[in-house]
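The values are calculated or read from the model by the stated rules, or taken from the named source; none is laboratory data. Small disclaimer: the values here were computed from a predicted structure and weren't measured. Glycine gets a Cβ as well: all are built from the backbone with ideal geometry, and neighbour counts include every protein chain shown. These accessible areas exclude ligands, DNA and RNA; they are computed on the full protein's heavy atoms, side chains included. Shrake-Rupley method; radii C 1.70, N 1.55, O 1.52, S 1.80 Å.
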Amino acid sequence: MTHWDERYRSTAPEERSWTEDEPLESLALLDALGLEPDAGVVDVGGGASRLVDALLARGFVDLTVLDVAASALAEARDRIGEPGPAARVEWVVADVTTWSPTRTYGVWHDRAVFHFLTEPSSREDYVRVLLRATDVGSVAVLATFAPDGPQTCSGLPVERYDAEALAAAIGPRFALVRAERVVHTTPWGSTQPFTWVVLQRVD
Ligand SMILES: C[S@@+](CC[C@H](N)C(=O)[O-])C[C@H]1O[C@@H](n2cnc3c(N)ncnc32)[C@H](O)[C@@H]1O
């Protein structure tokens, strides 16, 4: 069983630092893009996030949630209800760095996943998959810990980024169109500064 599978199985949402009652920054950035409801959105490392619930409620019809932890996706599916709305979502159990997407998406969303890739080769694999999963014009919304954020998450080391470094890590085929610093408050009240970027594929 992976670290992440075990983590989701053995904890309640309020025991996980990354839990948000509402994914407010994700929604603010996605709303600002003025997407059509049929925009294809993939939430990479989406875990048991409530982003998919919120996008379903907004009428989005082409949603994919990918995570390495099957237990995380099972938690989200059970919460949303299956049969029912969860049946309208594509759920993919995969490691994002080795995933073979069979289609492209208008939006790639990643909150607190890329920062776990501490090896350059893993980051190269991630960008290779990102390029296979997007077209010119597609948008990538990414969030990592900021330079003054925690050095670990869920007991694992992370890389911390400011907006320019995060855009540079993704590479020149994406242009930085928006950057935010947002302080996340964990369920037990501690704070974690995040760097958020909106990148648009230009090549
Ligand atoms: C800090 S949690 C964030 C979860 C979710 N994005 C959110 O905002 O609630 C990191 C997530 O990334 C997933 N994850 C970690 N490494 C991964 C990888 N290589 N491929 C896919 N998912 C991964 C974990 O299972 C976990 O759900």
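When the test is whether a residue is modelled with pLDDT of 95 or more, within 12 Å of the chain's Cα centre (by Cα) and within 20 Å of Leu130 (Cβ to Cβ), Gly40 does not pass it. Across the range 122-150, which residue is nearest to Gln200 (Cα to Cα) among those that are within 13 Å of the ligand (Cβ to nearest atom) and of a type in the set (S, T, N, Q)? In this case the residue turns out to be Thr144. Scanning the range 49-95 for residues that are under 29 Å from Ala32 (Cα atoms), of a type in the set (Asp, Glu) and more than 9 Å from the ligand (Cβ to nearest atom) returns Asp53, Asp62, Glu75, Glu90. Residues of the range 108-122 that are part of a helix (DSSP H, G or I) and within 20 Å of Ser49 (Cα to Cα): Phe114, His115, Phe116.
Where strands (runs of 3 or more DSSP E) sit wholly within the range 127-203, those with at least 3 residues that are at pLDDT 95 or above, open to solvent by 70 Å² or more (accessible area, probe 1.4 Å) and closer than 22 Å to Leu33 by Cα occupy 174-185. Of a type outside the set (A, V, I, L, M), touching a Pro at 6+ places or on another chain (Cβ under 9 Å) and surrounded by 15 or more Cβ atoms within 10 Å (Cβ to Cβ): is that true of Asp110 in this structure? Taking the combined requirement at face value, the residue does not satisfy it.
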